[in-house]
Amino acid sequence: MQTIIWNEWILLKRNPWFMGLTAVLTFIVGLTSYFGVAEAIKLKEMEAEAASHIRSQWDNQEAGNPHSAAHYGTYLFKPSSALTGFDEGVNGVVGKTLYLEGHRQNEIQYSEASQSLQISRFGKLRPSLLLQLIIPLLLIFLVFSAIRTERESDRVRILLVQGGDFRQLLFGKIIAYWLLSVLFLIITLSLQLILQMEQLTGEVILRTSLIGLGYAAFYWVISSLTAYLSANLRQAGTALSVMLACWIIWGVFLPKISGTLAEQLYQLPSRQEFSERMKADRAVGLDGHNPEKEKLAILKDSVLRKYQVETVEELPINFDGILMQADEEIGNVVWDKHFGDLYEVLRKQKTFTQVSSIPNPLQSLQSLSMGLSGTDYFHHADFMLKAEEYRRGFIKELNDKHAFGGSKTGDWKWAADQEFYRSLEDFTYSSIPLNQIFGILWSDILILLSWVIGGFLLVTASKFRL
C-alpha cells in the first residue's frame, strides 16, 4: 500500500496542472486566512476601544438620579472568538452590539448583513468555505481520475493476475489523496494559529485540532464514496456525475430545504406579533411611570407594614425605587416567557436542521465547524442570555441605590455620586465550555462518524468489475 501511495504522489508531482492549481489554492487560502484574522483582530480592537470609551463615559458622568442612569443605559459588544477569522458562522448576520437599559430587553443590533452588499448567499470568503466546498470538489476529480485510469488502462487486471488485492489498491489511492487534503488542511489551520500567536491558549489549540479532525473525517467520506462509485459503476462518467450531483445537493439544495422545512414546522412570530404579545402581557403588570392603583396599593401596603408607618412620605427609604424594581421584575417574568418561547422555537429549528443532516455530512461538518469556532447560534444565544442576566443585576443595583441610597419618596433630584457609578462592575463574557459544546454537537459528530464508517465499509465491500 505504501508503494501505491508513493506512486500516486510521484504522478501528481509530475502533473503541471495539479502543481499549478495547488499553488493557486495555497495562495488563496493564505490570503483569506490573513484577511480573515486581520479583520477579526481589527474588529476586536475597535470593540475594546468602544467599550473603554463607553465605560469612561459611564464612570465620568455627573452625579445624578440612579433611575435616570438606568434609562441612559450602556452598550455591550459580543466578543469575537479567536477562530472567527476561520469560520464567521452567524456573526455576520446576527450582529454584535447590544444596548442595555431599564424596562426593556433589547435585541442585538448592527449586523454586517444589514449594512453591507458584500454578504453573499454563502457569507464572506473564509478559509472554512474553501475547505468545505473547493477541496472536496478537487478530491472528487482526483480520486475519480486515479481509479478510472487504472480500470481503463487494464492495469487492474495485471495486478489481480499477479495476486494483488483490489481493495488494497482502492485504499492506497484513497489514503494518498486523503493525506494530501489533510496536509492542505493542516497548513490552513496552522496559518490561523500563526497569524494570531498573541491570542493562543490551550483551548484555542484544542478547538482548532478538533476542527481539523472534523474536516479530515469529511474528506475521508468524499474520497471513499468517490472511489467506491468509480470502482463499481460501469460507465466511466457516471461516478463523476453522481459525486458532482452530491456536491451540489449537499452544498446548496439540502441546507436550503432543511432550513425552509424548519421554518415551516417551527414558525417564529413576526416582529409585530411578538411586540404586540409582549405589550399585552406587559400591560397587566406594574408600570413604573403609570402604576395601576390596585397593584400599587398592594405593593405600598406591604412596604408600609414592613416599616410600620402610615404613609410613603414617612418611609425612611424611597418608595419610587422599590416601585421601579418591582416594575423590572414584572417585566422580567414577561420577557422570560416570550423570549424563552422565541429561543425554544429557534432551538427546535436548529435541532431539526442538525437531525436533517443525516443524508448530508457537509451540513454536519458546517455545524461542527461553527460550534467549535464559537460562532454558531448556540454561542449567540448563550451571549444574549448572559447579557440579559447582567442587565438585570445592573438595573437592580441602580434601583436599589435609588430606593435605599439615602433619598426619600418623591425626591427625584437626589443624586448618586461618581464613586457609586464607578463601583458597578463591567460585563465579562465567558464562552460555552468545550465539554458543553460536545453535548450540543453530539448529533453532528455521530452523523459524521457514521458516514466515515459507512465509507470504509463500502470500500471494503468493493469488488473488481469490468
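The values are calculated or read from the model by the stated rules, or taken from the named source; none is laboratory data. This one's a predicted model, so the numbers in the text were calculated from it and none came from an experiment. Cβ placement follows ideal geometry from the backbone for every residue including glycine, while neighbour counts extend to all protein chains displayed.
Which residue out of Asp327, Asp341 is touching a Leu at 6+ places or on another chain (Cβ under 7 Å) and more than 25 Å from Thr84 (Cβ to Cβ)?
The conditions single out Asp327.
Considering only residues that are assigned to a helix (DSSP H, G or I) and out of contact with any helix residue (DSSP H, G or I) (no Cβ under 6 Å at 6 or more places or on another chain), look in region 304-324 and name the one that is nearest to Lys279 (Cα to Cα).
Residue satisfying both the conditions and the ranking: Leu323.
What number of residues within region 199-251 are closer than 24 Å to Ser443 by Cβ and either of a type in the set (Lys, Arg) or in contact with a strand residue (DSSP E or B) (Cβ under 9 Å, 6 or more places away or on another chain) (or both)?
Of the residues in region 199-251, 1 are closer than 24 Å to Ser443 by Cβ and either of a type in the set (Lys, Arg) or in contact with a strand residue (DSSP E or B) (Cβ under 9 Å, 6 or more places away or on another chain) (or both).
Checking Tyr377 against (1) within 25 Å of Tyr72 (Cβ to Cβ); (2) aromatic (Phe, Trp, Tyr); (3) surrounded by 15 or more Cβ atoms within 10 Å (Cβ to Cβ), only one condition comes out false. Which one?
With (1) within 25 Å of Tyr72 (Cβ to Cβ); (2) aromatic (Phe, Trp, Tyr); (3) surrounded by 15 or more Cβ atoms within 10 Å (Cβ to Cβ) applied to Tyr377, the lone miss is (1).
Looking at (1) out of contact with any Lys or Arg (no Cβ under 9 Å at 6 or more places or on another chain); (2) over 24 Å from Glu88 (Cβ atoms); (3) surrounded by fewer than 19 Cβ atoms within 10 Å (Cβ to Cβ), which is the one condition that is false for Ser431?
(2)
Please go through region 131-180 and give me each residue that is of a type in the set (Val, Ile, Thr) and either modelled with pLDDT of 90 or more or closer than 27 Å to Ile211 by Cβ (or both), ordered by number.
Scanning region 131-180 gives Ile134, Ile135, Ile140, Val143, Ile174, Ile175.
Could you say whether any residue in region 17-37 is under 20 Å from Tyr429 (Cα atoms), of a type outside the set (D, E, K, R) and either surrounded by 13 or more Cβ atoms within 10 Å (Cβ to Cβ) or out of contact with any Asp or Glu (no Cβ under 6 Å at 6 or more places or on another chain) (or both)?
So far as region 17-37 goes, no, none of its residues is under 20 Å from Tyr429 (Cα atoms), of a type outside the set (D, E, K, R) and either surrounded by 13 or more Cβ atoms within 10 Å (Cβ to Cβ) or out of contact with any Asp or Glu (no Cβ under 6 Å at 6 or more places or on another chain) (or both).
Right, Val284: loosely packed, with under 15 Cβ neighbours inside 10 Å, modelled with pLDDT under 75 and not acidic (Asp, Glu) or not?
yes
Given (1) surrounded by 13 or more Cβ atoms within 10 Å (Cβ to Cβ); (2) within 30 Å of Asn232 (Cβ to Cβ); (3) among the small types (Gly, Ala, Ser), where does Ala415 come up short, assuming only one miss?
Here Ala415 clears every test but (2).
Scanning for something out of contact with any Leu (no Cβ under 7 Å at 6 or more places or on another chain), assigned to a helix (DSSP H, G or I) and free of Cβ contacts under 8 Å to residues at least 24 places away in the same chain, does region 173-183 turn up at least one residue?
yes
Which count do you get for residues in region 302-315 that are in contact (Cβ under 8 Å) with a residue 40 or more places away in the chain and of a type outside the set (D, E, K, R)?
The number of residues fulfilling the criteria is 2.
Quick one: Asn290 ticks every box in (1) of a type in the set (S, T, N, Q); (2) at pLDDT below 85; (3) surrounded by 12 or more Cβ atoms within 10 Å (Cβ to Cβ) bar one, so which box is it?
The single condition Asn290 does not satisfy is (3).
Report, by residue number, each residue of region 226-239 that is modelled with pLDDT of 90 or more and either surrounded by fewer than 20 Cβ atoms within 10 Å (Cβ to Cβ) or among the aliphatic types (A, V, I, L, M) (or both).
Ala227, Leu229
Residues that are in contact with a Cys (Cβ under 9 Å, 6 or more places away or on another chain), more than 20 Å from Ile54 (Cβ to Cβ) and either crowded, with 16+ Cβ neighbours inside 10 Å or modelled with pLDDT under 85 (or both): does region 106-120 have at least one?
No, that holds for no residue.
Filter region 80-101 down to the residues that are touching an Asp or Glu at 6+ places or on another chain (Cβ under 7 Å) and at pLDDT 80 or above and list them by number.
Within region 80-101, Gly85, Gly89, Val90 qualify.
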